[in-house]
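Shown next, in structure tokens, is the structure this report addresses.
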Amino acid sequence: MEIIFRIFFSKDILGCTTDVDFLLWPRNDIEKIEGRLFSRWKGEDMSFKPVMEDFVYFHEDYDKQLARLVNKKERSALIINDPKQSMFLFLDKHHIQTTTNKMTVFKLSSVCLYLPQNQLTLWGPGTINDFLSTHLM
């Protein structure tokens, strides 16, 4: 199973990013977080095909949940999810001391996409290469 993960900014930035500390909050330049899932039969030498499921988490939805987590004592293993409960974000909370006050930030540590097993072969048209060529050019 292969996953393509992309975060959409208010002003779309072309390219991809891997292995970075991604601060999810506070910021106002993220429009939505969108995941794409690709699959194929195990052992077959064919291209990965897109699974017909949208994994979208809008800024307004996760911002409300993060605002509630600001005053929680826990600092790691925090989990928030989209309204469909198909995307789960695992976060760590950090406190940064500035010259005037203490600021709370949430760092994305990992992502989990949920899809029932019987939907893993509900494929759409195209391949992973088709998807990447349209989104990364």
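The values are calculated or read from the model by the stated rules, or taken from the named source; none is laboratory data. What you are looking at is a predicted structure, and each value in this text was computed from that prediction instead of being measured. Cβ sites come from the backbone with ideal geometry, for glycine too, and all protein chains shown count toward neighbours.
Does region 6-13 contain at least one residue that is among the β-branched types (Val, Ile, Thr), modelled with pLDDT under 50 and closer than 28 Å to residue 93 by Cβ?
Checking region 6-13: at least one residue is among the β-branched types (Val, Ile, Thr), modelled with pLDDT under 50 and closer than 28 Å to residue 93 by Cβ.
Answer yes if at least one residue in region 109-131 is assigned to a loop (DSSP other than H, G, I, E, B) and small (Gly, Ala, Ser), and no otherwise. Outline the logic, then answer.
First, the residues of region 109-131 that are assigned to a loop (DSSP other than H, G, I, E, B): 114-116, 120-122, 124-127.
Of the ones still in play, those that are also small (Gly, Ala, Ser) are 124, 126.
Within region 109-131, one or more residues are assigned to a loop (DSSP other than H, G, I, E, B) and small (Gly, Ala, Ser).
When the residues of region 81-112 are narrowed to those that are hydrophobic (A, V, I, L, M, F, W, C) and within 11 Å of the chain's Cα centre (by Cα), which ends up surrounded by the most Cβ atoms within 10 Å (Cβ to Cβ)?
87
Can you name every residue in region 54-79 that is assigned to a strand (DSSP E or B) and under 15 Å from residue 27 (Cβ atoms)?
If the condition is that a residue be assigned to a strand (DSSP E or B) and under 15 Å from residue 27 (Cβ atoms), then 57, 58 are the ones that fit.
Looking at (1) of a type outside the set (Ser, Thr, Tyr); (2) modelled with pLDDT under 80; (3) surrounded by fewer than 16 Cβ atoms within 10 Å (Cβ to Cβ), can you tell me which one residue 70 breaks?
(2)
For residue 84, indicate whether it is under 29 Å from residue 26 (Cα atoms), of a type in the set (Lys, Arg) and modelled with pLDDT of 85 or more.
Spelling it out, residue 84 is indeed under 29 Å from residue 26 (Cα atoms), of a type in the set (Lys, Arg) and modelled with pLDDT of 85 or more.
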